[in-house]
Amino acid sequence: MTEQYLPQPYPPVTPGYSPPPKSFVATWLFAWLLGFLAIDRFYLGKVGTGLLKLLTVGGFGLWWLIDLILVLAGAQRDKHGRPLAGYAENKTVAWIVTAAGFVLSMLSSGLASSLNS
C-alpha cells in the first residue's frame, strides 16, 4: 500500500524534443515595458545575460534599448537560436505602436517640463 505514495520519477525526455518557439509579441512587450528588469531575457531562457541586465537595471538604459531594437528588427532569438514565432505577422503593428509610444512619451515629457518652468 505504501508504494502508491512513493514519488514517481518524471517520464523520460523524448529524444529530439524541443519546446515550442517563443512568441514575438510577448518578447516585444516584455522588452518594451519590462526590459529594465530583464524579463524579456528570462522569457527567452537567457538566464545569464538576464541576470547581468537585471543587476545593471537594463544596462543603464542602453541594453534595454538595444534589446528592444533587436526584437523589433527580428534579430532576437531564444536560447536555442530559433527565431520568434509570429514576427512576420506582427512586426508592422509592433513598430507603429512602439514609435507612437516614444512620440507620446517625448511630447508628454516636453509638455510637463514646459509647464514646470
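Each residue in the range 52-82 was checked for being of a type outside the set (K, R), within 15 Å of A31 (Cβ to Cβ) and not in a helix (DSSP H, G or I), and 5 pass. Within the set A94, A73, the sole residue that is modelled with pLDDT of 95 or more, surrounded by 12 or more Cβ atoms within 10 Å (Cβ to Cβ) and of a type outside the set (S, T, Y) turns out to be A94. Of the residues that sit in the range 20-33 and are without any contact (Cβ under 8 Å) to a residue 60 or more places away in the chain and in contact with an Asp or Glu (Cβ under 8 Å, 6 or more places away or on another chain), which one is surrounded by the fewest Cβ atoms within 10 Å (Cβ to Cβ)? By that ranking, first place goes to F30. From the list T49, T14, T56, the lone residue that is over 23 Å from V93 (Cα atoms) and touching a Lys or Arg at 6+ places or on another chain (Cβ under 8 Å) is T49.
Considering A99, A26, the condition of being among the aliphatic types (A, V, I, L, M) and either more than 16 Å from the chain's Cα centre (by Cα) or modelled with pLDDT under 95 (or both) is satisfied by A99 alone. If you go through the range 84-114 and keep only what is on the phi > 0 side of the Ramachandran plot and aliphatic (A, V, I, L, M), you end up with nothing. Identify all residues within the range 34-45 that are crowded, with 19+ Cβ neighbours inside 10 Å and either outside any helix (DSSP H, G or I) or basic (K, R) (or both); write none if there are none. Answer for the range 34-45, where residues must be crowded, with 19+ Cβ neighbours inside 10 Å and either outside any helix (DSSP H, G or I) or basic (K, R) (or both): A38, R41, L44. Scanning the range 83-103 for residues that are in a helix (DSSP H, G or I), touching a residue at least 60 places away in the same chain (Cβ under 8 Å) and of a type in the set (G, A, S) returns A94, G101. Looking across the range 61-117, the residues that are among the hydroxyl-bearing types (S, T, Y) and more than 21 Å from S23 (Cβ to Cβ) come down to S105, S108, S109, S113, S114, S117.
The values are calculated or read from the model by the stated rules, or taken from the named source; none is laboratory data. In this text the structure is predicted, and so the values were computed from the model without any measurement. When we count neighbours, we look across all protein chains shown, and the Cβ atoms used for this are built from the backbone with ideal geometry, even at glycine.
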